[in-house]
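The values are calculated or read from the model by the stated rules, or taken from the named source; none is laboratory data. Remember, predicted model here, so these are calculated numbers, not experimental data. A quick note on method: Cβ atoms are made from the backbone with ideal geometry, for glycine too, and the neighbour counts reach across all protein chains shown. What goes into the accessible areas is simple: the full protein's heavy atoms, side chains included, and nothing from ligands, DNA or RNA. Shrake-Rupley method; radii C 1.70, N 1.55, O 1.52, S 1.80 Å.
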Amino acid sequence: MAGDNVDDFLKQNRDSADLVEKFQSISESDKQWKSRREFILRNLSEFEDTNIDHLLSLSMVWANHVFLGCRYSQDLMEKVKEMAEDIEVEDAPVFKTRDEIMKQRS
């Protein structure tokens with residue numbers, strides 16, 4: 001579901017659009033929200049209304065990893081990366097670990 005496809009989906013599915021738009025954080029940039037919204041929309045059908053908080057948590061884990069460089073357990077990272085497969089993030093920051101930086105200095 002690329003950017004244009006997300007917009008088309010939202011136009012055709014106003015109920016889903018209205019539901020998802022409520023989840024934007026006040027601290028999220030438009031770029032971050034656009035990507036996280038796509039993550040939520042791609043996976044919304046897999047989560048029932050009672051589990052929407054779980055989906056939102058996973059979307060924040062993914063967004064924190066992509067935009068802030070946060071790291072989580074290997075199992076959790078594999079799960080959110082699988083859920084986010086094919087989401088294209090424009091100008092995503094690139095992060096290096098301390099070990100990678102030290103390796104470059106050697």
Filter pass, Trp62 being open to solvent by less than 20 Å² (accessible area, probe 1.4 Å), in contact (Cβ under 8 Å) with a residue 24 or more places away in the chain and not in a loop (DSSP other than H, G, I, E, B): yes
Could you go through the stretch 36-50 and let me know if any residue there is free of Cβ contacts under 8 Å to residues at least 24 places away in the same chain and open to solvent by less than 40 Å² (accessible area, probe 1.4 Å). yes
Any idea which of (1) open to solvent by 100 Å² or more (accessible area, probe 1.4 Å); (2) closer than 19 Å to Arg42 by Cα; (3) over 12 Å from the mean Cα position of the chain (by Cα) is the one Arg98 doesn't satisfy? (2)
Members of the stretch 29-59 found to be in a loop (DSSP other than H, G, I, E, B) and closer than 29 Å to Thr97 by Cβ, listed by number: Ser29
Extreme residue, most open to solvent (accessible area, probe 1.4 Å), among residues of the stretch 71-87 that are outside any helix (DSSP H, G or I) and either among the charged types (D, E, K, R) or closer than 15 Å to Ser35 by Cβ (or both): Arg71
